[in-house]
Structures are given as C-alpha cells and as structure tokens.
Amino acid sequence: MRTALITGASRGLGLALAHELAQRRWRLVIDARRFSELDVARASLAQLTEVVALPGDVADAWHRGALIEAAGGQLDLLVNNASTLGASPLPPLSGYPLETLERVYRVNVIAPLALAQLALPRMADGGRIVNLTSDAAVEAYEGWGGYGSSKAALDQLSAVLAAERPDLRVYAVDPGDMNTRMHQEAFPGEDISDRPPPQDSVPGLLALIEGDLRSGRYRAAELVGAPA
C-alpha cells in the first residue's frame with residue numbers, strides 16, 4: 001500500500017485530495033492545527049483506508065518529526081498543502097507587520113523544505129513531492145506581498161530540489177482560485193461563493209501524482225486530460 005503525507009488536510013483542498021487518494025487505497029498521514037476538524041476528517045477517511053491523523057503546527061519541528069515517523073519506512077508522496085495567509089485584511093508591504101511575515105515564511109517556506117528534508121531518505125525512485133503554490137507567486141497583486149513572496153520562494157525551492165534530485169518528481173502546482181476559508185480571509189466581508197470548490201482542483205493534482213510528468217511548476221486547471 002502506498003503512503004501519502006498531506007499537510008493541512010482537515011478541510012479544503014487537502015481534505016478533497018485525501019478523499020480521492022483514500023478511494024484509491026493510499027495509506028494516509030494527515031495533519032491540521034484544529035483537533036476537532038481533523039478528527040472529523042480522520043473518521044470519514046478511515047471508512048476508506050488506513051489513516052493516521054496528528055494535530056499540530058507544521059512550523060513546529062517536533063510535529064514535523066512525528067508526521068514523518070507516522071509515515072513509516074517508505075513515503076511515496078509528500079503534499080505540502082498547509083499554508084497561512086498572514087495578515088488579514090491584506091496590508092501593503094509598507095505596513096506589513098514583520099512578526100506576522102516571519103510566521104508566513106515559517107509555515108509556507110521553511111516547513112515544506114524541512115518536511116522534504118525529513119522525507120527524502122524514505123522516498124524511493126519516482127517518489128513525489130507536491131508543493132501547493134499560487135498565482136500570487138508570479139503576479140504582483142496589491143496586498144499579496146507577504147503571501148505571494150512566500151509562495152515565490154517555495155516555487156524556487158521546488159525547482160532547485162527538482163534539479164538536485166532527478167530521481168524524484170518535485171512539483172509546484174497552482175490550484176487556482178477556490179472557495180476556501182483562507183481565500184475568504186483574504187477578502188473579509190466579500191462574497192466569494194462564485195469561486196469553484198476545492199474538489200475542482202483535485203484532478204490536476206492527480207495528474208501529477210499518478211502520471212509521469214516531469215518535475216516543474218504547473219497550473220491544476222491545465223493538467224486535466226494531460227497525458228500520463
């Protein structure tokens with residue numbers, strides 16, 4: 001049975017992907033900061049496959065170590081999905097609180113790399129690392145400087161790791177706009193119900209996980225129907 005570690009999997013895209021992998025009989029290790037939401041996700045997934053759910057913060061080194069240990073001797077897939085938006089409402093960089101920005105980088109950049117470092121010794125040839133990025137990494141949107149720059153850093157880490165480890169597949173994937181809690185936090189008080197649900201981005205992720213596309217940066221919407 002293949003094993004996948006998915007961070008931030010109690011809701012949104014992480015949970016949607018976990019359900020698809022569970023239906024494909026992947027063994028899952030999942031986490032989230034809120035125990036109650038994570039336990040609900042665990043109970044649902046456990047009806048389909050073996051699942052280990054560990055509440056905690058990916059910025060915590062001890063928690064990252066526990067996740068990797070729970071994965072066991074071989075890890076086939078690491079999905080760095082957990083992210084933090086940072087300050088909300090979104091502030092301009094000229095007034096961005098630096099302590100908050102440090103937190104954004106710890107969660108969105110340092111934690112994914114730290115998990116990858118721990119995972120690499122347990123990944124065989126062809127193992128996959130999927131890092132969730134954003135169009136804010138490549139487009140200059142007002143107010144998105146903190147989050148966007150962290151995702152730009154994650155893009156570059158993904159590209160360099162791919163160059164250093166040609167035996168693996170390392171992907172940075174932009175899932176596109178989604179109707180999620182984090183996206184709502186970016187637009188407080190606005191109606192974002194017109195955004196597609198996270199489930200719509202899952203087929204693109206599966207194209208990377210189940211296919212043999214080369215390492216690189218992709219948009220999920222462009223991967224639907226991509227050749228394996």
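The values are calculated or read from the model by the stated rules, or taken from the named source; none is laboratory data. As the structure is a prediction and not an experimental result, all values here were calculated from the model. In this analysis, Cβ positions are derived from the backbone assuming ideal geometry, glycine residues included, and neighbour counts consider all displayed protein chains.
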**Prompt:** Hey, among LEU101, LEU115, LEU38, which residue is under 14 Å from the mean Cα position of the chain (by Cα) and part of a helix (DSSP H, G or I)?
**Reply:** LEU115
**Asked** With respect to LEU54, is the statement that it is closer than 16 Å to LEU206 by Cβ and in a strand (DSSP E or B) true?
**Response** no
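Restricting to the stretch 130-141, name every residue that is touching a residue at least 24 places away in the same chain (Cβ under 8 Å) and either among the aromatic types (Phe, Trp, Tyr) or in contact with a Leu (Cβ under 8 Å, 6 or more places away or on another chain) (or both).
Result: VAL130, ASN131, LEU132, THR133, ALA137.
Listed here are the residues, each with its yes/no results for (1) free of Cβ contacts under 8 Å to residues at least 12 places away in the same chain; (2) closer than 18 Å to ILE129 by Cβ; (3) touching an Asp or Glu at 6+ places or on another chain (Cβ under 9 Å).
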residue: THR3; (1), (2), (3): no, yes, yes
residue: ARG11; (1), (2), (3): no, no, yes
residue: ARG27; (1), (2), (3): no, yes, yes
residue: ASP39; (1), (2), (3): no, no, no
residue: LEU67; (1), (2), (3): no, yes, yes
residue: VAL79; (1), (2), (3): no, yes, no
**Complete:** In the set ALA114, ALA159, the lone residue that is farther than 21 Å from ALA221 by Cβ and surrounded by fewer than 20 Cβ atoms within 10 Å (Cβ to Cβ) is ALA114
**Asked** Just checking, how many residues over the stretch 123-158 are of a type outside the set (D, E, K, R) and within 22 Å of ALA4 (Cβ to Cβ)?
**Response** 13
**Prompt:** Taking into account only those residues within the stretch 170-214 that are of a type in the set (Gly, Ala, Ser), over 19 Å from LEU5 (Cα atoms) and assigned to a loop (DSSP other than H, G, I, E, B), which is modelled with the highest pLDDT?
**Reply:** GLY176
**Request:** Would you check which residues across the stretch 1-35 are part of a helix (DSSP H, G or I), hydrophobic (A, V, I, L, M, F, W, C) and farther than 12 Å from GLY56 by Cα and list them?
**Result:** LEU13, LEU15, ALA16, LEU17, ALA18, LEU21, ALA22
**Fill in**
Over the stretch 48-86, the set of residues small (Gly, Ala, Ser) and under 21 Å from ASP174 (Cα atoms) is ALA82, SER83, GLY86
